[in-house]
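The values are calculated or read from the model by the stated rules, or taken from the named source; none is laboratory data. It should be emphasised that the depicted structure is a prediction, and the values quoted were computed from it without experimental measurement. Cβ sites come from the backbone with ideal geometry, for glycine too, and all protein chains shown count toward neighbours. These area figures cover heavy atoms from the full protein model, side chains too; ligands, DNA and RNA do not enter into them. Shrake-Rupley method; radii C 1.70, N 1.55, O 1.52, S 1.80 Å.
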Amino acid sequence: FSYSIKVADFYYKKTAKLMIDRIKTETTIKKVKLIQLSKTNYRVLIGPFNDINSLKDSFEKMNSLNFENLEIIKNV
């Protein structure tokens, strides 16, 4: 069991970093990371999570920020 929450993909690295800062300041979530998928594609992820309860807690914290397109993805 290893999952992450995909917050969003961004064209600009600076925008992705602003999202990470917002998550860290407006929630208690600290496991936020930035992954560069290509030269102009950056993904913000929360996790990884090794148990369903911590995944659920973080997902609910993000919903309080009114994010609509959160995805739970399985880590490879």
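Considering only residues that are within 16 Å of E60 (Cβ to Cβ) and not acidic (D, E), which ones fall in segment 7-29?
If the condition is that a residue be within 16 Å of E60 (Cβ to Cβ) and not acidic (D, E), then V7, I23, T27, T28, I29 are the ones that fit.
Looking at segment 55-64, is at least one residue among the hydroxyl-bearing types (S, T, Y), open to solvent by less than 60 Å² (accessible area, probe 1.4 Å) and at pLDDT 95 or above? The answer is no, given that none of the residues of segment 55-64 is among the hydroxyl-bearing types (S, T, Y), open to solvent by less than 60 Å² (accessible area, probe 1.4 Å) and at pLDDT 95 or above.
Residue check: E71 meets all listed conditions (1) under 13 Å from the mean Cα position of the chain (by Cα); (2) at positive phi; (3) not hydrophobic (A, V, I, L, M, F, W, C) but one, namely (2).
Within segment 37-54, identify whether any single residue is within 16 Å of I73 (Cβ to Cβ), touching a Gly at 6+ places or on another chain (Cβ under 9 Å) and either of a type in the set (V, I, T) or open to solvent by less than 60 Å² (accessible area, probe 1.4 Å) (or both), and answer yes or no. Within segment 37-54, one or more residues are within 16 Å of I73 (Cβ to Cβ), touching a Gly at 6+ places or on another chain (Cβ under 9 Å) and either of a type in the set (V, I, T) or open to solvent by less than 60 Å² (accessible area, probe 1.4 Å) (or both).
Candidates S58, S54: the one that is within 11 Å of the chain's Cα centre (by Cα) and outside any strand (DSSP E or B) is S58. Annotation: of all residues in segment 2-36 being open to solvent by less than 30 Å² (accessible area, probe 1.4 Å) and assigned to a strand (DSSP E or B), the one that is farthest from I72 (Cα to Cα) is V32. Scanning segment 65-76 for residues that are at pLDDT 90 or above and in a loop (DSSP other than H, G, I, E, B) returns a single hit, L70. Taking the condition in contact with a helix residue (DSSP H, G or I) (Cβ under 7 Å, 6 or more places away or on another chain), in contact (Cβ under 8 Å) with a residue 12 or more places away in the chain and assigned to a loop (DSSP other than H, G, I, E, B), does I46 pass? So I46 does not fit the description; no. Residue check: I23 meets all listed conditions (1) closer than 16 Å to F67 by Cα; (2) modelled with pLDDT of 95 or more; (3) of a type outside the set (F, W, Y); (4) within 11 Å of the chain's Cα centre (by Cα) but one, namely (2).
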